[in-house]
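First comes the structure, then the notes that go with it.
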Amino acid sequence: MTTTEPHPADPKQTKDTAVSGRAVPSPRHSLIRTPEPWPHLVARVKRTGQYPTTAEAEKITRTTLTALAPHLPAPERTALARALPSEATALLAASPQPPCKAAEFVSKVAARLGNTTPDTARWHVTSVLTTLSHYAGPTLTDRLITQLPQGYALLFGRAELMRKL
């Protein structure tokens, strides 16, 4: 959306430059992002994973976040908590553990969900982590992926690139 009025916070811009025929872009939203409410996060996971009920999407979201938290270093966990709804903050509070391989992580989620095959658990984890990457943005998602062992990029909906040895 554009406007012909100058933005009051832009000292370089005057009414003359706005009226000169150039369209002036409207101001961007605040750089401080307020996370969407928890139901929006769950609804996005529900859509991404094509789950029939909100309750199922919420259970999978809670389980995946709780399983992921101990594998993230404190700075990334804190940054992720800031990007997510406040309900996720409690789920991300965990004592740190060394990160496990992606396949092992998926198996842990499958065990926590109970009666879930590894393929189904991978679908669940990918649905949640892809949604998290939307909330976290590309920079934080890249930081999260680099802090985790190889194989997690695919779970975040990203291509897995080879790392230099």
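Any read-out appearing in this document is the output of simple, stated calculations on the displayed coordinates, not a laboratory observation. Everything numeric in this text was worked out from a predicted model, so none of it was measured. No Cβ is skipped: glycine too gets one built from the backbone with ideal geometry, and neighbour counts run over all protein chains shown.
Give me the net charge of Ala67's neighbourhood, meaning all other residues with Cβ under 11 Å from the Cβ of Ala67; Lys, Arg count +1, Asp, Glu -1. Could the numbers behind the result be given before it?
On the way: positive: Arg62, Lys108, Arg112; negative: Glu104.
Computed value for this residue: +2.
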- Task: Starting from the eigenvalues of the Cα gyration tensor, five times each then square-rooted, give me the equivalent ellipsoid semi-axes of segment 56-163, largest first, whole Å.
- Result: 18, 17, 13
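Inverting the mean 1/r over all pairs of different Cα atoms, compute the Kirkwood radius of segment 119-164 and quote it in Å. Please list the in-between numbers first.
Working: mean 1/r = 0.0936 Å⁻¹.
Mean inverse Cα-Cα distance, inverted, gives 10.7 Å.
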- Item | Approximate spin-label separation Ala94-Glu36, in nm, with each point projected 7 Å along Cα-to-Cβ | 2.4 nm
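How much length is gained on full extension from Ala74 to His134, taking 0.36 nm per residue of separation minus their Cα-Cα distance?
Working: separation 60, 0.36 × 60 = 21.60 nm, distance 2.02 nm.
Taking Ala74 through His134 to full extension adds about 19.6 nm, to one decimal.
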